[in-house]
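The values are calculated or read from the model by the stated rules, or taken from the named source; none is laboratory data. In this text, all values refer to a predicted model and were calculated from it rather than measured experimentally. Here the Cβ positions follow ideal geometry from the backbone for every residue, glycine too, while neighbour counts run over all protein chains shown. Ligands, DNA and RNA are excluded from the accessible area calculation, which covers all protein heavy atoms including side chains. Shrake-Rupley method; radii C 1.70, N 1.55, O 1.52, S 1.80 Å.
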Protein chains: 2
Amino acid sequence: MFKLSSGFKSGLRILTLLAKTEPGQPVPISDMAPKLGLSDKYLEQLLMILRRAGLVRSIRGSNGGFLLAHSPAKITVRQILEALQGPIDLCECSREDCQECVRPEVWRAIETCFSGTLATLTLQHLISRDAFQILPHSIVLPDSPLWQEGGGI
Amino acid sequence: MFKLSSGFKSGLRILTLLAKTEPGQPVPISDMAPKLGLSDKYLEQLLMILRRAGLVRSIRGSNGGFLLAHSPAKITVRQILEALQGPIDLCECSREDCQECVRPEVWRAIETCFSGTLATLTLQHLISRDAFQILPHSIVLPDSPLWQEGGGI
DNA sequence: GCTTTTCCTATCGATTTTTTCGGATACTAT
DNA sequence: ATAGTATCCGAAAAAATCGATAGGAAAAGC
């Protein structure tokens, strides 16, 4: 299956929950876990990953908990994906002449496309009810009016 | 890690090989395996998957082998990916009211974006040396000049 | 009927992902 | 101070996925 990990999806829900709470008000794990339907320990581990990635910060001790490290508009879906699912690396090969795959430059183009979309999509987009569009895109041949100089494969 | 499976990459190379042979001329496994650097048995398994997906057809018995089921321009990279790596399902839920994910319509849009690119990219693009571009895309807000009526989320 | 070659299914090993566990450390409030 | 709260850390069990191998059945051609 070509799918997003459940860790990533949980991460989104965690950050969404934090984004909806009073800014500056830390939320403890014991508070979040039941709301998210996750065990305390598992949630804790996901939060640690998000913290090391710099997306949330934590306050220890009594009345402690977790907060967003930045405003929702500054946290991109790409950052969340890379934190919890690892780097987006459709074609692992770095060599231009890789025998393993056909035309690796194609994967790199698609990769840029995909992670570009995720980089423009922020937590703010997800929590607000504001409308937005994600423009479709397509393969463009040199004779198209959309062709851009120097961008071809 | 968010990456393409090696099965998919092998599948691309298999189909590329078939696309370059005389049309109507079946190629046996014993012929392909050494060229692709795969074991006969593993290659066989991949070809079975491609056959069940309707991308290649087979001829049994002596002088048998495999052929493309359609012309290279009719076989999309998306079909190959879905055959060998399973359905592209960034957000598993199909329900509109899914509690698991945040704004499922967003994933569906991204998914359409991603698999849309792969659907326009054909085997013909990969085997030819013709240049092409894959246009980047982005989030568009209603106040943007790029906003298209009725396409918003 | 023998060879060639596809077809089917089961399994094993390795890796990755998800989840659980035990305890250490830091902070607050009383 | 000390008890309580809550984050931190590392290890590892459990489950799922993926890559690859193996044995044999069915079909077609000569």
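Within the stretch B:4-33, list the residues whose amide N lies under 13 Å from a label point set 7 Å along Cα→Cβ of B:TYR42. Inside the label zone: B:6-11, B:33. Our estimate of slack between B:ASP31 and B:ALA53, defined as 0.36 nm per intervening residue step minus the Cα-Cα distance, is 5.7 nm. Ranked from shortest, the separations from the 7 Å Cα-to-Cβ label point of B:LYS35 to its equivalents in the other copies are 5.9 nm.
Among B:ARG13, B:ARG129, B:ARG52, the largest mean-square fluctuation in a Gaussian network model of chain B, built with springs joining Cα atoms closer than 10 Å, belongs to B:ARG129.
Spin-label point model (7 Å from Cα, Cβ direction): what's the A:ASN63 to B:HIS70 distance in nm? Spacing of the two 7 Å Cα→Cβ label points: 6.5 nm. Got a sec? Which residues of the stretch A:2-25 lose 10 Å² or more of accessible surface with every protein chain in place, vs. that chain alone, 1.4 Å probe? Listed by number, the residues meeting the 10 Å² cut-off are A:PHE2, A:LYS3, A:LEU4, A:LYS9, A:LEU12, A:ARG13, A:THR16. Shielding value for A:45-52 is 0, the average number of Cβ atoms from other chains within 10 Å of each residue's Cβ.
A 1.4 Å probe run over the protein chains yields, for the stretch B:6-127, 47 Å² of accessible area per residue, whole-number rounding. Roughly how big is the B-A contact, given as buried accessible area in Å² (both sides, 1.4 Å probe, nearest 100)? Using a 1.4 Å probe on protein heavy atoms, the buried area is about 5900 Å². Considering chain A as a Gaussian network with a 10 Å cut-off on Cα pairs, which listed residue, A:GLU44, A:GLU22, A:GLU82, attains the greatest mean-square fluctuation? Sorting by GNM fluctuation, first place goes to A:GLU22.
If you count Lys pairs in the protein assembly as shown whose Cα atoms are under 21 Å apart, skipping same-chain pairs closer than 8 places in sequence, the total is 15.
Of the accessible area of the protein assembly as shown, computed with a 1.4 Å probe over protein heavy atoms only, carbon and sulfur atoms account for 49 percent.
Considering only B:VAL106, B:VAL56, B:VAL77, the mean-square fluctuation computed in a Gaussian network model of chain B, springs between alpha carbons under 10 angstrom, is largest for B:VAL106.
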